[in-house]
Amino acid sequence: MAVTIAISGKGGSGKTTLAAMIVRALLERADKGAVLGVDADPNSCLGLTLGVEPVGIVAEIREQARAQTPTNTGMDKVRSVEYGIQQAITEAEGFDLLTMGQPEGPDCYCAVNNLLRRFLDGLGSQYRFVVMDNEAGMEHLSRRTTNNVDVLCIAAEPTSVGAVTAQRIFRLARKLPIAVRQIGVVWSRTDQDRELNGIDILGHIPYDKDVSDASMQGKTVFDLEDDSPALVAARSILEKIMVLNP
């Protein structure tokens, strides 16, 4: 089964950049396997940070399947979801990307989400690693569109607001209807760790002008130099994750 690394944090915390750098760091490993990036943030910026234009969005597939009139005991809907997701997988150099899109509205999507979760879990078994970029509310996880997460990294800035946000996400994660094996905080734009009661610290990502410049210039994490301080720190965090998930 794939090792699933989920990233969460409020907007501006650096979570999408962290997710993208972890994807790059995974591709650099000598023992690398197939990598799937999942953009589960409605803002859908992971593809931009990785330099990939999504060919499809899962939310659209879900809407189409939900509107479909079931025939043959629902097999048409199952095939529709499976085919749609396969078509929505964007192939890139060394990794694939799946973009989730907007979460569902007020209507019931339970049946479609069950199909989606079952297929995504099967899809995850085809990869060695799954890196999922989530919003702070972790809507897709809370809707159970996947069954298990090995590591949840909470990206947060080392401020009072950042600490409070990290604690809120930690409490939310503990209430999710899925198994989250490990939860830890990654402090963003700092050279130091800030201790939090009851939450592991996975590391920190220092402020890196090259990362900021790349974002402003529309460049990707693959444009960063190998010795980029932020990228070096992301590699260190990944190594820690790998020790905990051999």
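The values are calculated or read from the model by the stated rules, or taken from the named source; none is laboratory data. Every value quoted in this text rests on a predicted model; they were computed, and no experiment measured them. Please note: Cβ atoms are built from the backbone with ideal geometry, for glycine as well, and neighbour counts cover all protein chains shown.
Among (1) of a type outside the set (Phe, Trp, Tyr); (2) farther than 25 Å from Ser215 by Cβ; (3) modelled with pLDDT of 80 or more; (4) surrounded by fewer than 18 Cβ atoms within 10 Å (Cβ to Cβ), where does Gly84 come up short?
Against the list (1) of a type outside the set (Phe, Trp, Tyr); (2) farther than 25 Å from Ser215 by Cβ; (3) modelled with pLDDT of 80 or more; (4) surrounded by fewer than 18 Cβ atoms within 10 Å (Cβ to Cβ), Gly84 comes up short only on (4).
Regarding segment 216-225, can at least one residue be identified that is assigned to a helix (DSSP H, G or I), over 24 Å from Val130 (Cβ atoms) and either modelled with pLDDT under 95 or in contact with a Cys (Cβ under 8 Å, 6 or more places away or on another chain) (or both)?
Yes, segment 216-225 contains a residue that is assigned to a helix (DSSP H, G or I), over 24 Å from Val130 (Cβ atoms) and either modelled with pLDDT under 95 or in contact with a Cys (Cβ under 8 Å, 6 or more places away or on another chain) (or both).
Does Thr165 satisfy the criteria of being among the hydroxyl-bearing types (Ser, Thr, Tyr) and in a helix (DSSP H, G or I)? So that I can check it myself, show each step before the final result.
On the way: among the hydroxyl-bearing types (Ser, Thr, Tyr): yes; in a helix (DSSP H, G or I): yes.
Yes; evaluated as a whole, the condition is true for this residue.
If I go through segment 43-81 residue by residue, how many of them are modelled with pLDDT under 80, within 27 Å of Thr4 (Cα to Cα) and surrounded by fewer than 16 Cβ atoms within 10 Å (Cβ to Cβ)?
1
Any chance you could count how many residues in segment 147-162 are buried (at least 17 other Cβ atoms within 10 Å of the Cβ) and part of a loop (DSSP other than H, G, I, E, B)?
Looking only at segment 147-162, we keep the residues that are buried (at least 17 other Cβ atoms within 10 Å of the Cβ), and these are 149-158, 162.
Filter again for part of a loop (DSSP other than H, G, I, E, B), leaving 157-158.
Qualifying residue count for the region: 2.
Would you confirm, using the coordinates I've provided, whether Gln126 is in a helix (DSSP H, G or I), modelled with pLDDT of 80 or more and of a type in the set (S, T, N, Q)? Show your work before the answer.
Working: in a helix (DSSP H, G or I): no; modelled with pLDDT of 80 or more: yes; of a type in the set (S, T, N, Q): yes.
Spelling it out, it is not the case that Gln126 is in a helix (DSSP H, G or I), modelled with pLDDT of 80 or more and of a type in the set (S, T, N, Q).
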